[in-house]
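Just so it is clear, none of the values below were taken in a lab; they were calculated from the coordinates. Model, not experiment: these values are computed from the prediction. Using ideal geometry, Cβ is built from the backbone for each residue, glycine included, and neighbour counts are taken over all protein chains shown.
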Amino acid sequence: MMILHGSAVSVYTAKLRIALHTKGLAFVEREPEGGYRSAAWRERQPTGTIPALEVDGVLLAESEAVVEYLEDAHPTPRLLPGTPLQRAQARFLARYHDLHLEPRVRALFPLVRDGARAPAQVQAAAAALQERVDLLGRLARPEPFLAGAGLTVADLGMVASVPLGALLLDALGQALSLPPSLQSWLDAAQAHPAVAAGLAPWRLATDRWLTAAFVPTGAS
């Protein structure tokens, strides 16, 4: 059985969890021994990143590479559309998430605790994320998923990062505005059984993290 090494609060772990559920594959999930920053984890996974998927004793890292492996090894149901052009567009949107949108979400994490002391930084970070979401609204034409009629690699990270960005901004007293097409996409994606199953541990862990990390304005 495959082992998904990751963290429940990690967007990229959620991304692989959704892919595994989509493929209908059996797996168990474990936190890295000692935490993903530990020497023990780096001994197993030299770059020290999560998630990683263990298959027959081999540890595969980097979520995009792991999704490509799953697509090659377990091609049904597909996570890439039918034509080369459609597949290229799906891969482009997946990389847009990893390189351009998710980093803007990640930049909000340290502000959740310190935002009351850095309002200008909060506003700048909120504007930067909103710009990336607005651009996604121009790049994608949901039908109803980001790259066509079915769930694809384009949706796997976005379906966690977009709502996470909204949650973090809400904790900071800001709001994330989704274009109507993206709101329709998010509603459709979250209703997908594999997405719902893949996001369930992430939602619980994220709610717990926000409860523990958020210090309201005026608190000391």
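Between Glu29 and residues 5 or more places away or on another chain, which pairs have amide H atoms under 5 Å apart, with H built 1.01 Å from N, and which residues are they?
Under 5 Å from the amide H of Glu29: Leu4.
So how do 141-148, 152-159 stack up, highest first, on mean other-Cβ count within 10 Å?
Details: 141-148: 20.1, 152-159: 28.1.
Result, highest mean first: 152-159, 141-148.
Amide H neighbours of Leu60 under 5 Å, at least 5 residues apart or on other chains, H built in the peptide plane: list them.
For Leu60, whose amide H was placed from the backbone, the distant partners under 5 Å are Leu53, Glu54, Val55.
Give the average over all directions of the projected area of the C-alpha convex hull of the chain, one decimal, in nm². Each step should come with its number before you reach the end.
Numbers: hull surface 49.5 nm².
With every direction weighted equally, the projected area is 12.4 nm².
Across the range 93-104, in residue order, what do the Karplus-derived ³J(HN,Hα) couplings come to in whole Hz, using 6.51 cos²θ - 1.76 cosθ + 1.60 with θ = phi - 60° and x for Gly and Pro?
These are the phi-based 3J(HN,Hα) values: 5, 4, 6, 4, 4, 5, 9, 10, 8, 4, x, 5 Hz.
Counting other beta carbons within 10 Å of each Cβ, put His5, His192, His100 in order, fewest first.
On the way: His5 24, His192 20, His100 14.
Ordered by Cβ neighbours within 10 Å, fewest first: His100, His192, His5.
Which log10 I(q)/I(0) values, to two decimals, does the range 52-168 give at q = 0.12, 0.19 Å⁻¹ under the Debye formula with one point per Cα?
-0.52, -1.00
I want to verify a result. In a Gaussian network model of the chain, Cα cutoff 10 Å, which of these has the top mean-square fluctuation: Leu199, Leu186, Leu210?
Leu210
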